[in-house]
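The values are calculated or read from the model by the stated rules, or taken from the named source; none is laboratory data. What you are looking at is a predicted structure, and each value in this text was computed from that prediction instead of being measured. When we count neighbours, we look across all protein chains shown, and the Cβ atoms used for this are built from the backbone with ideal geometry, even at glycine. Ligands, DNA and RNA are excluded from the accessible area calculation, which covers all protein heavy atoms including side chains. Shrake-Rupley method; radii C 1.70, N 1.55, O 1.52, S 1.80 Å.
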Amino acid sequence: MKQSEITKEQYLKIAQKFSFTKRELELGFLKVSGFSNRRIAYMLGISEQTVKNHFTHIYEKAWVPGRNEFKELFFEE
């Protein structure tokens, strides 16, 4: 498995400690899977601004400043 790949089970094992909502879990998995905010918005039928708002909450709950640090949470060993 490449470093940029993660299974849903691996993601959920790490993400469970952050008390994300179901929607935040969904968006977080899409982000660590490599999708852009624009693509996530299109896939879920929501606005790109709504996606950004969700990620603001996700990053706050995970205590990280941004997307790169968020992704690092799932690829550290």
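Taking only the stretch 2-17 into account, find how many residues are assigned to a loop (DSSP other than H, G, I, E, B), touching a helix residue (DSSP H, G or I) at 6+ places or on another chain (Cβ under 9 Å) and open to solvent by 80 Å² or more (accessible area, probe 1.4 Å).
Number of matching residues: 1.
Need the failing condition index for Gln10 against (1) touching a Phe, Trp or Tyr at 6+ places or on another chain (Cβ under 8 Å); (2) at pLDDT 95 or above, just the number.
(2)
Find the residue count for the stretch 27-77, including only residues that are exposed (fewer than 15 other Cβ atoms within 10 Å of the Cβ), outside any helix (DSSP H, G or I) and of a type outside the set (Ser, Thr, Tyr).
Summing the residues that are exposed (fewer than 15 other Cβ atoms within 10 Å of the Cβ), outside any helix (DSSP H, G or I) and of a type outside the set (Ser, Thr, Tyr) in the stretch 27-77 gives 7.
Suppose the filter is touching a residue at least 12 places away in the same chain (Cβ under 8 Å) and more than 10 Å from the chain's Cα centre (by Cα); does Lys52 pass it? Don't jump to the end; show me each part of the working.
Details: touching a residue at least 12 places away in the same chain (Cβ under 8 Å): yes; more than 10 Å from the chain's Cα centre (by Cα): yes.
Spelling it out, Lys52 is indeed touching a residue at least 12 places away in the same chain (Cβ under 8 Å) and more than 10 Å from the chain's Cα centre (by Cα).
Answer yes or no as to whether Phe20 is at pLDDT 95 or above, surrounded by 11 or more Cβ atoms within 10 Å (Cβ to Cβ) and more than 14 Å from Lys61 (Cβ to Cβ).
no
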